[in-house]
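Engineer: Here it is, the structure, as structure tokens.
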Amino acid sequence: MFAISTPRSRYPQECKDQLVEEVLEFYSPIAEAAREYGIAPQPLDNWARKYRKSHGLQDDESGVTAVVKTVREQALEQED
């Protein structure tokens, strides 16, 4: 007997990165953001982990990601 597979939604990498950046920039919990965007939390969490890893970023002790700090710094630099 063969398993029936359902088509998976494929999101372009650009879309994944943009969602992750929004989640990290605005401190939105992944589960809340996933609900808002109509996707499951697990893929968004996976995308965030891959994003942090590919950008050489890790969570610090306070739970605030280095991504948030980096995004803030970039925003401040652009304002100057």
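The values are calculated or read from the model by the stated rules, or taken from the named source; none is laboratory data. Bear in mind the structure is a predicted one, so any value in this text is a computation, not a measurement. Ligands, DNA and RNA are excluded from the accessible area calculation, which covers all protein heavy atoms including side chains. Shrake-Rupley method; radii C 1.70, N 1.55, O 1.52, S 1.80 Å.
Engineer: Please compute the length gained on full extension between E36 and L76, using 0.36 nm multiplied by the number of residues separating them and subtracting their Cα-Cα distance.
Structural biologist: Working: separation 40, 0.36 × 40 = 14.40 nm, distance 2.74 nm.
That pair, E36 and L76, stretches by 11.7 nm at full extension.
Engineer: Please report the accessible area of I39 (heavy atoms, 1.4 Å probe, ligands and nucleic acids excluded) in Å², nearest 10.
Structural biologist: Surface accessible to solvent at I39 totals approximately 30 Å².
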